[in-house]
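Q: First, the structure itself, so that you have it in front of you.
The values are calculated or read from the model by the stated rules, or taken from the named source; none is laboratory data. In this text the structure is predicted, and so the values were computed from the model without any measurement. When we count neighbours, we look across all protein chains shown, and the Cβ atoms used for this are built from the backbone with ideal geometry, even at glycine. For accessibility, only protein heavy atoms count, side chains too; no ligands or nucleic acids. Shrake-Rupley method; radii C 1.70, N 1.55, O 1.52, S 1.80 Å.
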Amino acid sequence: MLTQHGVKIAPSTYYDAGGRGQSPRAVSDERWKPVILATWQEQRKVLGARKLWLRLRRNGHDIARCTVERLMRELGIAGVVRGRRKRPVDTGLCAFWVG
């Protein structure tokens, strides 16, 4: 397939890539996902990435904050947003009031 598009690749490289297992990061991610999800659910689904990361560290799990953020995005979970939501400013009205 690649040679049809003018890309030169050795057959041994092609077959070596197919036989490789998961990367260490992918293996680690699969190990952390259930831990993150369970902790988030235990905390009534309100913690964001920073506080969830602190809770995990307090429970004895050695995990990076950026890893918690990335896995929370992959799992589709987020913390609660408190306060009023900000509305975008209509720039057309601002020009009217200034002038």
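Q: At 10 °C and 1.306 mPa s, what whole-number value in µm²/s does Stokes-Einstein give for the translational diffusion of the chain, with Rh from the Kirkwood sum over Cα pairs?
A: Rounded, D is 89 µm²/s.
Q: Follow-up. Place the peptides 76-83, 4-11 in order of packing, highest mean first, counting for every residue the other Cβ atoms within 10 Å and averaging per peptide.
A: Order by mean packing, descending: 76-83, 4-11.
Q: Of all the accessible heavy-atom surface of the chain, with the other protein chains kept in place and a 1.4 Å probe, what percent is carbon and sulfur?
A: Its accessible area is 54 percent carbon and sulfur atoms.
Q: Could you give the accessible area per residue of the chain, probe 1.4 Å, as a whole number in Å²?
A: Per residue, the chain has an accessible area of 85 Å².
Q: Which peptide among 13-25, 45-57 comes first, and what is the full order, when sorted by highest mean count of other Cβ atoms within 10 Å?
A: Those peptides, ordered most packed to least, come out 45-57, 13-25.
Q: OK, next. I need the calculated FRET efficiency for the pair Arg57 and Asp16, taking r as the beta carbon distance and R₀ as 25 Å, to the nearest 0.05.
A: The pair Arg57/Asp16 has a calculated efficiency of 0.05.
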